[in-house]
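Read the structure below first, then the notes.
The values are calculated or read from the model by the stated rules, or taken from the named source; none is laboratory data. The model shown is predicted, which means the values in this text are computed figures rather than measured ones. Neighbour counts run over all protein chains shown; Cβ positions are idealised from the backbone, glycine included. Protein only, heavy atoms only, side chains kept; ligands, DNA and RNA dropped before computing areas. Shrake-Rupley method; radii C 1.70, N 1.55, O 1.52, S 1.80 Å.
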Amino acid sequence: MRNIKIGVLALQGAFIEHEHMLTDLGAVCTEIRQPCDLQGIDGIVLPGGESTVQGQLLYKSGLFTPLRKLISDGLPTLGTCAGLILMAQEISSSVAHLGTLPVTVKRNAYGRQLSSFVTEQPIAGIGNYPMIFIRAPYIERADENVEILAKVDGNIVAVKCRNQIGLSFHPELSENSNIHEWFLSQCEK
Ligand code: GLN
């Protein structure tokens, strides 16, 4: 076991799968449902699911303001799919949620016909990775200080900006734990 406690936002969506992967890598996971759950975490995962619902639940639970502050203050954060949408500063044709990551995302960017697909593509610093997309967003615009880690068909699908990692796809549903391992190493710093 490693001496590291990761909060996994557990309001809605694919949070259990992140917990399994992080626990297998030796981290302790705690489910975040209310502000007191944020105590003492070394990093946080914002899972995939439905960003509109998650955004509403962030307000209802009282998590919105303390969570936004922790991320802005530098807490290592991994946002996947809907989690990336929650972090984005702008969402095309919609209102932003936490707005901590200086990018514009497009929701359901692959349309209905190609709503879900898998592709193996290189990620900077990680190598080839099996990316699972489910009604995924992509990033239409990123500020200059955002590192672009991967593109698929010319569209940005993975970024890092200081403490925040944002992914269009679902690493927790793959068998490859390299992204979670990399995230844990950021949390250990
Ligand atoms: N389409 C969802 C949204 O807009 C995201 C899908 C996902 O997280 N797999 O929130």
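Data overview
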read-out: When residues of segment 6-17 are limited to those that are touching a residue at least 12 places away in the same chain (Cβ under 8 Å) and out of contact with any helix residue (DSSP H, G or I) (no Cβ under 7 Å at 6 or more places or on another chain), the one surrounded by the most Cβ atoms within 10 Å (Cβ to Cβ); value: Phe15
read-out: Whichever residue in segment 47-106 is assigned to a helix (DSSP H, G or I) and β-branched (Val, Ile, Thr) and, among such residues, is farthest from the ligand (Cβ to nearest atom); value: Thr65
read-out: Pairs where the first residue, in segment 51-62, is within 12 Å of Ala96 (Cβ to Cβ) and the second is within 8 Å of the ligand (Cβ to nearest atom) and part of a helix (DSSP H, G or I), C-beta under 7 Å, 6+ apart; value: Ser51/Ala82; Ser51/Ile85
read-out: When residues of segment 18-50 are limited to those that are under 13 Å from the mean Cα position of the chain (by Cα) and either touching a residue at least 60 places away in the same chain (Cβ under 8 Å) or open to solvent by less than 40 Å² (accessible area, probe 1.4 Å) (or both), the one farthest from Ile134 (Cα to Cα); value: Gly43
read-out: Residue match in segment 71-81 (condition: open to solvent by less than 10 Å² (accessible area, probe 1.4 Å), under 17 Å from the mean Cα position of the chain (by Cα) and closer than 12 Å to Leu11 by Cα); value: no
read-out: Total residues in segment 130-148, condition within 16 Å of the ligand (Cβ to nearest atom), open to solvent by 40 Å² or more (accessible area, probe 1.4 Å) and farther than 13 Å from Ser115 by Cα; value: 1
